[in-house]
1. For Ala33, which sequence-distant residues (separation of 5 or more, or a different chain) have an amide H within less than 5 Å of its own amide H, given hydrogens modelled in the peptide plane?
2. Got a number for carbon plus sulfur as a percent of the chain's accessible area, 1.4 Å probe?
3. With +1 assigned to the C-beta of every Lys and Arg and -1 to the C-beta of every Asp and Glu, and no other charges, what is the dipole magnitude of the chain about the Cα centre in debye, to the nearest 20?
4. From the phi angles alone, apply the Karplus equation (6.51, -1.76, 1.60; θ = phi - 60°) to the range 68-81 and give each ³J(HN,Hα) in whole Hz, x where the residue is Gly or Pro.
5. Any idea how far apart Ala71 and Phe187 come out in nm if each label point goes 7 Å out from Cα toward Cβ?
6. Quick check for you: with a 1.4 Å probe and neighbouring chains kept, what is the accessible area per residue of the range 1-118, in Å²?
7. Using the Karplus curve 6.51 cos²θ - 1.76 cosθ + 1.60 with θ = phi - 60°, what ³J(HN,Hα) values do you get for each residue of the range 103-110, in whole Hz, with x for Gly and Pro?
8. Mind ordering 218-227, 13-22, 135-144 by average Cβ neighbours within 10 Å, highest first?
Amino acid sequence: MGETIIDLKKADLTLGQDAASVHVLKQIDLSIAAGESVGIVGPSGSGKSTLLMVLAGLERLDAGEITIGGAALHTMSEDQVADFRGRNIGIVFQSFHLIPNMTALENVAVPLELANVRDAFDIARKELEAVGLGQRLSHYPGQLSGGEQQRVAIARALAPQPRLLIADEPTGNLDGDTGRQISDLLFAEQARRGMTLVLVTHDPALAARCGRQVRMRSGQIVDAVETSDAPAGKRVTA
């Protein structure tokens, strides 16, 4: 394994309070190399989406350590984590999360402007062209298909040139053919940019496209299996 971009040590997180509290992540250790693609899989309630939110800096650990690209997120303030996330981590959600009264171009450009990125609209235009939406720049989300909306969301996530792309069920709201097109786009952009890709999915075909599958159950990693470049069933340390 090459340079480590993600390093989790004894990661522990409980959500909720008192009788409603749930111990979601239990002493998780996980290392992911730069440029690797990893699919996090497991049954509903296993903690995989929460783990993804921790990796994205959107949930803070109760205990343990999280280091991304050499930066110790567990020692940072919320503002510092937000600034780091904006510069280093792209996030794609199942539900797109586009702003309905903004065009595709504005949805991609405005977050860049808020981060004081120069030439935000030029960058946004290039990213939308890269995902096949060069002719849809002035369309609003309500005028776009589900697949097109997800392409806008991917362009928005990629626009800051992140080292790490996080995707939570990126094809979950799409039909089979559209989902495969979005999967193709994600892996093509990951390869072209040399990014690390970490995704959560219930789709076995999508998970199988990742270089490694990390399986979770009851808040713990039960195993990690190489799927693309290793013999079937080879176990690797989570």
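The values are calculated or read from the model by the stated rules, or taken from the named source; none is laboratory data. Keep in mind that what you see is a predicted model, and the values were worked out from it rather than measured. All Cβ positions, glycine included, derive from the backbone under ideal geometry; neighbour counts span all protein chains shown. What goes into the accessible areas is simple: the full protein's heavy atoms, side chains included, and nothing from ligands, DNA or RNA. Shrake-Rupley method; radii C 1.70, N 1.55, O 1.52, S 1.80 Å.
1. HN-HN under 5 Å from Ala33: Ile5.
2. On the way: 5280 of 11260 Å².
Reported share for carbon and sulfur atoms: 47 percent.
3. Numbers: 23 positive and 29 negative charges, 80 e Å.
The calculation lands at about 380 debye.
4. 10, x, x, 9, 8, 5, 5, 9, 8, 6, 4, 5, 5, 5
5. 3.0
6. Per residue, the range 1-118 has 49 Å² of solvent-accessible surface.
7. In residue order, the calculated couplings are 5, 4, 4, 5, 4, 8, 7, 4 Hz.
8. Final packing ranking: 218-227, 135-144, 13-22.
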